[in-house]
1. By the scheme Lys and Arg +1, Asp and Glu -1, what is the net charge of all other residues having a beta-carbon under 12 Å from that of ASP201?
2. Label points 7 Å out from Cα along the Cβ direction at LEU218 and ILE104: separation in nm?
3. Using the structure shown, select from LYS151/LYS202; LYS148/LYS222; LYS133/LYS230; LYS45/LYS101 the pairs with a Cα to Cα distance greater than 27 angstrom.
4. So which trypsin sites (Lys or Arg not before Pro) in the stretch 92-147 pass both tests, a DSSP loop state and at most 12 other Cβ atoms within 10 Å of the Cβ?
5. Tell me whether the stretch 39-88 comes out rounded, prolate or oblate; compute the Cα gyration tensor, take square roots of the eigenvalues as a ≥ b ≥ c, and use a/c under 1.5 as the rounded threshold.
6. Hey, rough spin-label estimate for ASP140 and GLU51, points 7 angstrom out along Cα→Cβ, what's it come to in nanometres?
7. Apply the a/c threshold of 1.5 to the C-alpha gyration tensor of the stretch 37-125 and tell me whether it is rounded, prolate or oblate.
8. Taking a ≥ b ≥ c as the square roots of the eigenvalues of the Cα gyration tensor of the chain, is the shape rounded (a/c under 1.5), prolate (a/b larger than b/c) or oblate?
Amino acid sequence: MYHSIEKMPKSTIMRSLHVPPRRFKFQMWLLKILGFKGLSMRQLKPYLTGEKQGKVVGITFDDGYQNILLNAAPILKKYNFTATCYVVSQRIGVSNTWDLKNKITQRPLMDLSEINKWIGQGMDVGAHTQTHKDLTQIEDGNIFDEIKNCKLDLEKSLNISIEDFCYPFGRFNESIRDLTKKAGYSSATTMIRGRATQKSDKMLLPRIPITHHTLPHLFLAKILTNYEDKR
Ligand SMILES: [Zn+2]
C-alpha cells in the first residue's frame, strides 16, 4: 500500500504518506532481484483464487496522486510491473481535499487525461468512492451511492471495467463490505496489516503499508517474513 511517490520537505504534514522516488525505485529493484512480479489487483486476482501460482506482490496506490504517473509509472514499466491506482471519482484533477480538516499537506490528483496516460502505460485503476468519505460515518442511504457510483463514474469516463475497490481511510464494517460486493466489485482492500493469502476474504484484503520510513531492511522483513501478519 502506497499513497504518494514524491520527495517532500520536512515541513510536510503526514510526510509518511510520501515515499521518495529513489526509495521506491530501490524497493521495486529488490522485488525484481528476489524474483517477485509486481501486479495490479486485476492481475493479482488469479493468484488469490488459486488459479495461478507464483511469486507475486500486489502494488496499490491510494487516492490517485499525479506524482505516481510522473514518478512511479516509469519505474514500474522499467521492471515490467503493473499496479492499481484507486481513484476518487468526484475529485479527479483536484487534490486530497478530504484531508483539509486535518491540515494534511495538499497534493494534486491526476486529471482525466493523466489517468488515461496511467492506463496507457499498462497500469490499472480501481475505485476509492466518489468523495473519499469515511463510509462508517455517513447515512446508510448514501453508502451504496458512494461505492457504486464511483464505479459507474469511472467506467463511463475511462471506458474500462472497474473491478477493484479500496475503503477510504481503511474504514468499513460488515454491511459496507456486503454493499461493496453487491455493487459489483470482485476485490476490496483495507488497511488491515498483513499478507493476503488464498484464504483471505477478497472483499477485506489486508495490505502492507510502505511509508517514507520504510527502509530497505524493513521493506524486506515486510515482504519476506510474517512481520506484518502478526501486527
Ligand atoms: Zn484514500
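Since every read-out is calculated from the coordinates, none of them should be taken as a lab result. Note that the coordinates shown come from a computational prediction; the quantities given were computed from them, not determined experimentally. Cβ coordinates were reconstructed from backbone atoms using ideal geometry, including for glycine residues, and neighbour counts include every protein chain displayed.
1. Details: positive: ARG177, LYS181, LYS199, LYS202; negative: GLU174, ASP178.
Net charge in that neighbourhood comes out at +2.
2. Going from the LEU218 label point to the ILE104 one covers 1.8 nm.
3. On the way: LYS151/LYS202 17 Å; LYS148/LYS222 33 Å; LYS133/LYS230 29 Å; LYS45/LYS101 36 Å.
Long pairs (Cα-Cα over 27 Å): LYS148/LYS222; LYS133/LYS230; LYS45/LYS101.
4. Details: sites: LYS101, LYS103, LYS117, LYS133; in loops: LYS103, LYS133.
Answer by residue number: LYS103.
5. Numbers: a/c = 4.01, a/b = 1.66, b/c = 2.42.
Note, shape of the stretch 39-88 comes out oblate.
6. Rounded to a tenth, the inter-label distance reads 3.6 nm.
7. Working: a/c = 2.38, a/b = 1.83, b/c = 1.30.
Since a/c reaches 1.5 and a/b is larger than b/c, the shape of the stretch 37-125 is classed as prolate.
8. In terms of gyration-tensor shape, rounded.
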